[in-house]
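S.K.: First the structure, which I've put down as structure tokens, then a few questions once you've had a look.
Read-outs: derived from the displayed coordinates by stated rules, not from any lab. Keep in mind that this is a model prediction, so the values were computed, not measured. All Cβ positions, even for glycine, are placed from backbone atoms using ideal geometry, and neighbour counts span all protein chains on display.
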Amino acid sequence: MVKVYALVVVVALLGGVGYAAKSYYTSTQQKIQTLSENNAKLEVAIEQSEKSVNLLKDEAAKNAELSKNLQEKLQKAEAYGDNLRNRLRKLDLLADAISNAENLEGRMNGATAKLWREIMGETSDLPFWLQQNNAGTGSEGSDKNTKSDSPDSSKTKTN
């Protein structure tokens with residue numbers, strides 16, 4: 001009878017070891033499948049993040065170039081403003097206004113219209129009040145009796 005009990009114990013032990021091995025194999029296969037799925041998801045996420053990084057690098061380079069261009073334009077605009085301030089300092093507008101108000105008015109209107117044409121020409125279509133029938137330099141004011149003697153639009157003479 002001992003032999004039968006010993007045989008039952010050995011069979012039970014072998015059955016337990018077999019069941020444990022099967023459970024271990026099944027759980028390992030499930031873990032492998034889960035890890036494979038997660039790996040595939042991570043590869044897609046890495047690919048997308050690399051594309052995003054490359055896009056950000058391209059955008060940063062583009063923004064740097066645009067910033068450089070804007071800085072150059074700003075320097076030109078500041079130089080133009082400095083030039084205008086220097087020219088304005090040299091002018092004695094009060095003496096001009098007293099001596100020849102109509103001439104000053106024509107020059108001021110012409111310079112203002114020229115400035116508006118330049119601004120509007122760079123940004124959009126000109127409004128009807130700035131459109132010219134002929135291609136002028138902007139030295140003509142609202143006073144049709146003025147004409148320009150020099151290439152400088154701020155100096156005009158009346159007829």
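S.K.: How high is the FRET efficiency from L91 to W116, r the C-beta distance, R0 22 Å, rounded to 0.05?
M.R.: It comes out at approximately 0.60.
S.K.: Give the order of R85, R117, R107 when sorted by the count of other beta carbons within 10 angstrom, beginning with the fewest.
M.R.: If I rank by nearby Cβ atoms, fewest first, I get R85, R117, R107.
S.K.: Let me ask you something else. Going by C-beta contacts inside 10 Å, put M108, M120 in order with the fewest on the left.
M.R.: Neighbour counts put them in this order, fewest first: M120, M108.
S.K.: On full extension of the chain, what length is gained from S99 through A21, given 0.36 nm per residue of separation minus the C-alpha to C-alpha distance?
M.R.: Taking S99 through A21 to full extension adds about 16.8 nm, to one decimal.
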